[in-house]
Amino acid sequence: MLSSPTSDDVDGPQRLAMLASALAGRTVAVAPATPGEPAWTDGITVFVDPAASARTQLQSVTLQASLLASGGLDPDVVRKLVRRPGLARRYLAIEGHRALSVNDDLLPYPVRSLIDLDLASRPASPAESLAMASARADIPDPPASFGVIRARNVLSTHAATTHVESQAAHVPRREQKKALSDLDDGDDGAIEMRSQDFQRLRRELLDAERAAITELRRTGVISNDVWIRVSRDLDLEDQRLDI
């Protein structure tokens, strides 16, 4: 039996998942990291300190999701940061500000003040940010809420995802038919019940996410444009449950 949403889903960092997805331009999960740990992402999930303030969590999720949107965590760039924490920190300081400026029209209000406009305007791409970070010029450390870049995690997740997609693309048609046949042989009643349980649970989560995103707009944390974009995504997901 599927369980109902917990308070952690509504009050914890997970509440920012829809915002992260809207900013990244693709589905991104948000999960609690180890308390005290800086924020980071593997490209699929953004991990945030559950003990951090709501404002810091918002800033961390926004920054990490914006890095995904800007291409700042693409493998070709991240590969050059492996085992080079100093370079990774300098790169984050530059590309982080550039990534936020690229997403400026969607940024929550408390995050816009983080942008160093001078630093953000210098590079035009992640590659240029990396080149700047590799030079000897003084670069201020990134704000603590930016978190860190864990290059190995980003690359391993990318490799695993690419492998899975490649394997799925080469499954022989006869195996696909057998898998469908195996599903048909199951208990239709049990499958239908599980489907209904899933739909009920997912709608409860969608309602909680709507309430959270509406509260963020009411308190001025996010702009109306972000609220509209996220609300539209929630409505589309709700509609897909009926298909």
TODO: Please list, ordered by first then second residue, the pairs with beta carbon atoms under 9 Å, 6 or more apart or interchain, first in the stretch 148-160 and touching a residue at least 12 places away in the same chain (Cβ under 8 Å), second in a helix (DSSP H, G or I) and among the acidic types (Asp, Glu).
DONE: ILE149/GLU95
Task: Answer residue from the stretch 226-243, given it is of a type in the set (Lys, Arg) and at pLDDT below 80 and is nearest to ILE213 (Cα to Cα) among those - done: ARG229
- [ ] Go through (1) within 19 Å of the chain's Cα centre (by Cα); (2) over 25 Å from ALA211 (Cα atoms); (3) among the β-branched types (Val, Ile, Thr); (4) buried (at least 18 other Cβ atoms within 10 Å of the Cβ) and name the single condition VAL30 misses.
- [x] (2)
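Taking the stretch 103-122 only, how many residues are closer than 17 Å to SER21 by Cα and buried (at least 18 other Cβ atoms within 10 Å of the Cβ)?
Start the filter on the stretch 103-122 by keeping residues that are closer than 17 Å to SER21 by Cα, which leaves 103-108, 111.
Subset that is buried (at least 18 other Cβ atoms within 10 Å of the Cβ): 103, 106-108, 111.
Counting residues in the stretch 103-122 that are closer than 17 Å to SER21 by Cα and buried (at least 18 other Cβ atoms within 10 Å of the Cβ) gives 5.
Does the stretch 1-32 hold any residues that are touching a Gly at 6+ places or on another chain (Cβ under 9 Å) and at pLDDT 85 or above, and which are they? Please lay out each step first, then the result.
Pass one, the stretch 1-32, residues touching a Gly at 6+ places or on another chain (Cβ under 9 Å): 6, 28, 30-32.
Correct list: VAL28, VAL30, ALA31, PRO32.
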Task: Leading residue by the ranking (nearest to GLY25 (Cα to Cα)) among those in the stretch 44-84 that are outside any helix (DSSP H, G or I) and aliphatic (A, V, I, L, M) - done: ILE44
- [ ] Specify which of the listed residues (ASP105, ASP118) is acidic (Asp, Glu) and in contact (Cβ under 8 Å) with a residue 40 or more places away in the chain.
- [x] ASP105
Task: Scope the stretch 37-67; condition free of Cβ contacts under 8 Å to residues at least 60 places away in the same chain and under 8 Å from the mean Cα position of the chain (by Cα); matching residues - done: THR45, VAL46, VAL61, ALA65
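Looking at the structure I just gave you, is ALA151 modelled with pLDDT of 85 or more and surrounded by fewer than 13 Cβ atoms within 10 Å (Cβ to Cβ)?
On the way: modelled with pLDDT of 85 or more: yes; surrounded by fewer than 13 Cβ atoms within 10 Å (Cβ to Cβ): no.
Considered against the rule, which asks whether it is modelled with pLDDT of 85 or more and surrounded by fewer than 13 Cβ atoms within 10 Å (Cβ to Cβ), ALA151 comes out as no.
With the structure loaded, tell me whether VAL46 is in contact with a strand residue (DSSP E or B) (Cβ under 6 Å, 6 or more places away or on another chain), buried (at least 22 other Cβ atoms within 10 Å of the Cβ) and either at pLDDT 95 or above or closer than 21 Å to ARG136 by Cα (or both) or whether it fails that test.
Numbers: in contact with a strand residue (DSSP E or B) (Cβ under 6 Å, 6 or more places away or on another chain): yes; buried (at least 22 other Cβ atoms within 10 Å of the Cβ): yes; either at pLDDT 95 or above or closer than 21 Å to ARG136 by Cα (or both): yes.
In short, yes.
The values are calculated or read from the model by the stated rules, or taken from the named source; none is laboratory data. Keep in mind that this is a model prediction, so the values were computed, not measured. Cβ coordinates were reconstructed from backbone atoms using ideal geometry, including for glycine residues, and neighbour counts include every protein chain displayed.
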